[in-house]
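Chemist: I'd like to ask some things about the structure below.
The values are calculated or read from the model by the stated rules, or taken from the named source; none is laboratory data. Here the structure is a predicted model, which is why all the values come from computation and not from measurement. Please note: Cβ atoms are built from the backbone with ideal geometry, for glycine as well, and neighbour counts cover all protein chains shown. Note: accessible area is taken over every heavy atom of the protein model, side chains too, but ligands, DNA and RNA are not part of it. Shrake-Rupley method; radii C 1.70, N 1.55, O 1.52, S 1.80 Å.
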Amino acid sequence: MTTHDDTIAYDAFLTVSAALTGYNAAELQATGCAAEYWHHVQQVLPEDILKKFLSPAPRLGKKDDDKIIRESYLPDRCLGPVARSLIQLWYTGQWVPLPQEWRENYGASRFDVVKIISTRAYKEGLVWDAIGAHPQGAKQQGFGAWSLEPPKQRGQADDRNS
Amino acid sequence: MTSNDTLEKTRGKLCGLLQKALILELSTIPPYATACYSILEQGQYDRSEPTIVNAEPIEVIRQVMVEEMLHMVLVANVLNSIGGHPKLNDPDQLPTYPTKLLDGRGPEVHLRRFTPQQVKSFRLIETAPKDTGPAKKGDYHTIGGFYTYIKQELENACDTFGNDAIFIGDEKRQISNDDYFGAGGEVIEVVGTPKQRRNSAMRAITEIMEEGEGADLGHRAGDKDIIPGPEGREDVAHYFKFNEILHSRYYHPDDAVDEPPTGGDLIVDWSAVSPMQDDPCEGNYARAPEVAAISAEFNTAWTGLLDGLETAFNTDKSALRDLVPTMYIMKSLAQKLMRIPLPDGSGETAGPTWTYLGKA
Amino acid sequence: MTAIPDDERCYDVVIVGAGFAGGILAKELVSEGHSVLILEAGEDHGKTWETYRSYLDQYYLSLAKTPNSPYPNLPTLPSPSVLDITAVRGTEPDTNGYFVQRGPLPFGSNYLMAYGGTSLHWLGTSLRMMPADFEMQSRFGLGVDWPFKYDDLKKDYERAEWEIGVSADAVEQTPKALGIKTSGPKDSNDYFAKDYDYPMHSIPSSYVDEFFARADGMAIEVGEDASDTVHLKVSRTPQGRNSTPRSPKNGQGIPVGDEVRKQFQPRGATGPFAYMGQRCEGNSSCIPICPIQAKYNAMKTLEDANHIGKSLMETITQAIASKVELDENGRVSGITYKKYPFPGVPQYELRRARGKHYVLAGGAVENVTLALASGICKSSDELGRNLMDHPYMMTWGAAPEPVGPFRGPGSTSSYANFRDGGFRDKTAAFRLEIGNWGWNFAAGSPNSDVARLVEQENLYGSALRDKLYHDVQRQVRLGTLVEQLPRSTNRITIDPAYRTPMGEYRPVISYDLDDYSRAGLAAAYEACVRIFQRLGIKNHTAYSPSDAGYFTYEGKGYTFFGAGHLVGTHRIGTHKSNSVTNDQMRSWDHDNLWLVGAGSMPTIATSNPTLTLSAMVYRAARAITAAVREGGAK
Ligand SMILES: Cc1cc2nc3c(=O)[nH]c(=O)nc-3n(C[C@H](O)[C@H](O)[C@H](O)COP(=O)(O)OP(=O)(O)OC[C@H]3O[C@@H](n4cnc5c(N)ncnc54)[C@H](O)[C@@H]3O)c2cc1C
Ligand code: SF4
């Protein structure tokens, strides 16, 4: 791949990730983990599958994301498990290995093992933002923050995520 | 100079000076915070081994920042004690960067990532006046000199009009150690008899000066705060802390102030830093609405912080407590911005603009 | 057999173990001018800032974030882990982990072998005991009485609270203020000495606490007697973590022990700014590691001891005390220890430490294995018996609204109402701790929620995000800590068949819950259910016969875990026939040997044991000082 293609593929990875996670590309980059995850996914997936996985990207981010995700990704025997592992990677920083059956059908990778990708990945897991908290052991909220009202759900005014 | 008119004029002048001091302390916080947050924290750089680089610079700048906040509290206490009203959310007084401190007399400060150049400018901020003589008369170019002047003016005013005429502020407005805990030193309340108030006010200003430049500490780097531990380390003033970073070496408490530090190694890695653009501004996010949204969130928090301080100093002290969480929210948002590449392809990232949004 | 080389220096006191007990004792003794050697089996871990921070990294990267996860588990020095706990079935002991479990129930607690000991991952709950807890035999005809009373420990409690740095307000902490119907009418009087107060203000209550406080005032019956009915009250828990220091009233100082102390200075243990202790900033990971050392750990006290003691104070780490040796008069003549140069490599050099007095401070289990291996302290036959813990049972559910979990210290408040009362003649007392971290301990949240929603509920995108918020924000959990009575069959033994790679004896544990504790757990469960009903919390608690700690009581099944509160194995007492040491923790059998730690406590009651064991260390320290000054003669 040329550098140019690399950039396009990386952008496609962000687009697909954004559709799957519900966080926009800037928010995903704001975790500082995007490059790391992209690298990991490239290591785990055979090239043709990765290509297939990213191919709907140009159609995403418009009107029919839900249709695309529900039709082309989630029920797909090949792309479904990948999508589910990728969502969990973004949410928890932890790679969930693909099912045995998947590996038999599409190829195994020695990188396809359960692992928290890095300390940063742990801290930047989207789950903490989603649940309105902070990663345990990092990003402290300050003395007494635990007595404050729970943060509101996103999109419901007063967005106190951190 | 005995008429009420001149007393009020003097008070007005003192209040003006202290108000400037307040904004001065405030103006140093965004540059410190920005540099501090730009340092990739433990585990945010790519290493196979989770070693720690720059943990110490982060701690040093954080500690300086904590002390600057304490200074704001101290200035507010003095200002309140003489019947003034600390003002923190007046857009006309708030800094935009780059800015020259002390109405243009002091050093210029930028919002920049953690670089040797930026640390040098921090060192400049914390430089002690060479000779306090001119400063006492109002010819100051350093923060230390400015406080020397304030102190002198306050002394003069007290001598001229009497302590009881000067310290007329409501004691209820004084922030105490119970209201504010910064782990950065003691909060001095300006309370008691007029004489006691005068002493406390002087002590408060002296504490600010000592923590900053360490001007009054003789020829040693140490400020006598002992750090327990095998080496019995002493804390050093801000100026020297920045020198430690620039030299990648700690001071020995008995090191002479004009010599480089000779203590143990301090690890600094200037490359483990987010490539944040200098002096970030909103304009750069015009074509990136998703980034602008995070920036706006940051500025909302900053605005909340300033409004909160205003409330704490003027009406309700308990507002201080909620501000600590706000600061951590700002930190987190600033770090998010600093990881997002700018759409211009420069390779630089976005950063916080520290813009006060005004009241809706 | 080749001769074991003696260490050159002979110390006034040799201490085994650098945890709470060892640390406080060392600080007290060097302050009195005695020379002290500490032998610590673990690595010197977090002693430097870099290592401390690397433990944090290890924590971030651990898939299962158990109490011991940040700290290395060395083959040279295996530590018990909660992951090793399985049900004990059949007649064969379970040897999965470090403990050899004989059952019938598994002993689920753990501790940490490292410089600083278990303090590195304790939670910080610092409760005093109740007056009744010292008199279980006279008041209820159960267990034993202590050889002294609550009042006799009061000043030492004060000292311990100021050493650990406990945040609480005395007015909120008397039995009466806690809403306890004490079994003695005067128990609440003078619970705190006049003018005494804790060194720092209370840690603020969590939002979760406030939610539970909506049930305050609700009547709950315990036991059979209507007069035992309590009225619920959420109360804040005294905690060993930095808060805002209390400024003494009118600049007078606060009376602590026999001194008047100035304002408390919060401190950290390692790092360039350790002298300016940070307040708890809500990292929400106190178990297993506080990133900013706002939570007390024994390294703070050990650092003080080094600072005060200078050349009087010596610590040897990676040194496993292996045998206590006696001379012909039954006095201890030395402790042989295995010094291993490389963590992880089971090779060592055998050496002997010498002192005038010797103190075992290795924790309630390790003190016993060492003493048993050395064949000492035999005359009462109580050594290793009466092992107690707080069987820990969780009850969890979904609140009707967001309550803001996963913020702040693990627990900031509890229902202390059930800590004493007339019911205690038949039903064990207990405390209901309010958890601040959702179903983290109970169900592995929030990671398990992500897995469930993605893998089973087929959610993605903003629907996933919103459902996570919805579910996790509502997670609440209560933890029951119930008391156990001393039972001679709950015990630690050793068996030559079970040793570590270094050749040390592994603890062999027999453990069970008696009906007294089971009744307490059942009553607690009932109380939790009622609270859930009152607050509209949907009960999600699930106990399964396949759980390692599953047990039944009156036809119903429950699951318990260990609390890490290991107590009772070398209890103090009034006579060499009923106890291992006297009330100053001096061994009955060996004049210059002392055993300190929670193993000294004759009963466990409902308070987490560490504050009490720390207070008792002051008692021992005074006696040891006197003994050293007398030159060791009785
Ligand atoms: C997860 C958890 C949470 C807890 N939370 C609380 C709480 O909130 N409140 C509370 O009161 N208590 C709590 N505890 C209990 C508390 O940690 C213990 O009561 C306390 O640590 C006991 O102190 P100690 O000094 O006796 O032993 P430890 O702290 O265990 O220290 C003993 C030291 O001795 C060393 N040692 C042992 N044997 C040898 C040997 N043969 N040679 C050399 N060195 C040796 C060990 O390596 C260790 O460093 C908790 C425990 C756990 C596990
Ligand atoms: S909540 Fe965080 S900061 Fe506070 S004690 Fe626990 S780990 Fe430390």
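Chemist: List every residue pair whose Cβ atoms lie under 8 Å apart, where the two residues are 6 or more positions apart in sequence or sit on different chains, the first residue falls within region B:239-254 and is more than 12 Å from B:Thr127 (Cα to Cα), and the second residue, located anywhere, is of a type in the set (A, V, I, L, M) and at pLDDT 80 or above.
Modeler: Partner pairs satisfying both residue conditions: B:Glu244/B:Val60; B:Ile245/B:Val60; B:Ile245/B:Val119; B:Ile245/B:Val268; B:Leu246/B:Val119; B:Ser248/B:Val268.
Chemist: Among the candidates C:Asp84, C:Asp12, C:Asp44, which residue alone is more than 20 Å from the chain's Cα centre (by Cα) and within 15 Å of ligand 1 (Cβ to nearest atom)?
Modeler: C:Asp44
Chemist: For region C:387-399, check the following and say yes or no: at least one residue is surrounded by 24 or more Cβ atoms within 10 Å (Cβ to Cβ), out of contact with any helix residue (DSSP H, G or I) (no Cβ under 9 Å at 6 or more places or on another chain) and not in a strand (DSSP E or B).
Modeler: Checked against the condition, which is being surrounded by 24 or more Cβ atoms within 10 Å (Cβ to Cβ), out of contact with any helix residue (DSSP H, G or I) (no Cβ under 9 Å at 6 or more places or on another chain) and not in a strand (DSSP E or B), region C:387-399 yields at least one hit.
Chemist: Of all residues in region C:549-562, which are within 14 Å of C:Ala442 (Cα to Cα) and open to solvent by less than 30 Å² (accessible area, probe 1.4 Å)?
Modeler: C:Gly549, C:Tyr558, C:Thr559, C:Phe560, C:Gly562
Chemist: Looking at (1) closer than 30 Å to C:Gly384 by Cβ; (2) within 14 Å of chain A (Cβ to nearest Cβ), which one does C:Pro486 not meet, given that it meets all the others?
Modeler: Against the list (1) closer than 30 Å to C:Gly384 by Cβ; (2) within 14 Å of chain A (Cβ to nearest Cβ), C:Pro486 comes up short only on (2).
Chemist: Still on this model: Please go through region A:87-111 and pick out each residue that is more than 10 Å from every other protein chain (Cβ to nearest Cβ) and either at positive phi or in contact with a Leu (Cβ under 6 Å, 6 or more places away or on another chain) (or both).
Modeler: A:Trp95, A:Gly107 - these are the residues of region A:87-111 that are more than 10 Å from every other protein chain (Cβ to nearest Cβ) and either at positive phi or in contact with a Leu (Cβ under 6 Å, 6 or more places away or on another chain) (or both).
Chemist: Now, a different point. Restricting attention to region C:336-345, does a residue exist that is among the hydroxyl-bearing types (Ser, Thr, Tyr), modelled with pLDDT of 95 or more and over 25 Å from the mean Cα position of the chain (by Cα)?
Modeler: Yes; the residues of region C:336-345 include at least one that is among the hydroxyl-bearing types (Ser, Thr, Tyr), modelled with pLDDT of 95 or more and over 25 Å from the mean Cα position of the chain (by Cα).
Chemist: What number goes with the only condition from (1) more than 14 Å from every other protein chain (Cβ to nearest Cβ); (2) surrounded by fewer than 23 Cβ atoms within 10 Å (Cβ to Cβ); (3) outside any loop (DSSP other than H, G, I, E, B) that B:His71 does not pass?
Modeler: (2)
Chemist: Looking at region B:79-101, I want the residues that are in a helix (DSSP H, G or I) and have a partner that is surrounded by 20 or more Cβ atoms within 10 Å (Cβ to Cβ) and β-branched (Val, Ile, Thr) with Cβ atoms under 8 Å, at least 6 apart or on another chain. Which pairs are those?
Modeler: B:Asn80/B:Val190; B:Ser81/B:Val190
Chemist: Let me ask something additional. Within region A:18-32, can one find any residue that is at pLDDT below 95, surrounded by 13 or more Cβ atoms within 10 Å (Cβ to Cβ) and over 19 Å from C:Ser462 (Cα atoms)?
Modeler: For region A:18-32, residues at pLDDT below 95, surrounded by 13 or more Cβ atoms within 10 Å (Cβ to Cβ) and over 19 Å from C:Ser462 (Cα atoms): present.
Chemist: Let me ask you something else. With the checklist (1) within 16 Å of ligand 1 (Cβ to nearest atom); (2) farther than 30 Å from A:Ala133 by Cβ in hand, flag the one item C:Lys186 doesn't pass.
Modeler: If we test C:Lys186 against (1) within 16 Å of ligand 1 (Cβ to nearest atom); (2) farther than 30 Å from A:Ala133 by Cβ, just (1) comes out false.
Chemist: Restricting region C:231-269 to residues that are among the β-branched types (Val, Ile, Thr) and either surrounded by fewer than 21 Cβ atoms within 10 Å (Cβ to Cβ) or modelled with pLDDT of 95 or more (or both), which is nearest to C:Met129 (Cα to Cα)?
Modeler: Filtering region C:231-269 for residues among the β-branched types (Val, Ile, Thr) gives C:234, C:237, C:244, C:254, C:256, C:260.
Next, only the ones that are either surrounded by fewer than 21 Cβ atoms within 10 Å (Cβ to Cβ) or modelled with pLDDT of 95 or more (or both) stay: C:234, C:237, C:256, C:260.
On the way: C:Val234: 18, C:Thr237: 13, C:Val256: 18, C:Val260: 24 Å.
It comes out as C:Thr237.
Chemist: Does A:Ser118 satisfy the condition of being open to solvent by 10 Å² or more (accessible area, probe 1.4 Å), over 23 Å from C:Pro288 (Cβ atoms) and of a type outside the set (Lys, Arg)?
Modeler: On the way: open to solvent by 10 Å² or more (accessible area, probe 1.4 Å): yes; over 23 Å from C:Pro288 (Cβ atoms): no; of a type outside the set (Lys, Arg): yes.
No, not satisfied.
Chemist: Is there any pair with a first residue in region C:281-301 that is open to solvent by 10 Å² or more (accessible area, probe 1.4 Å) and a second that is of a type in the set (Asp, Glu) and more than 12 Å from ligand 1 (Cβ to nearest atom) whose Cβ atoms are under 9 Å apart and which are 6 or more apart or on different chains, and what are they?
Modeler: Listed pairs, sorted by first residue: C:Pro291/C:Glu281; C:Ile292/C:Glu281.
Chemist: Okay, next question. Could we say that B:Asn314 is under 19 Å from B:Asn89 (Cα atoms), more than 9 Å from every other protein chain (Cβ to nearest Cβ), touching a residue at least 60 places away in the same chain (Cβ under 8 Å) and surrounded by fewer than 21 Cβ atoms within 10 Å (Cβ to Cβ) here?
Modeler: Against the criterion (under 19 Å from B:Asn89 (Cα atoms), more than 9 Å from every other protein chain (Cβ to nearest Cβ), touching a residue at least 60 places away in the same chain (Cβ under 8 Å) and surrounded by fewer than 21 Cβ atoms within 10 Å (Cβ to Cβ)), B:Asn314 qualifies.
Yes or no, residue by residue, for (1) outside any helix (DSSP H, G or I); (2) within 27 Å of the chain's Cα centre (by Cα); (3) within 30 Å of C:Glu92 (Cβ to Cβ):
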| residue | (1), (2), (3) |
| --- | --- |
| C:Ile509 | yes, yes, yes |
| C:Leu513 | yes, yes, yes |
| C:Tyr516 | no, yes, yes |
| C:Leu521 | no, yes, yes |
| C:Glu526 | no, yes, no |
| C:Arg534 | no, no, no |
| C:Thr541 | yes, yes, no |
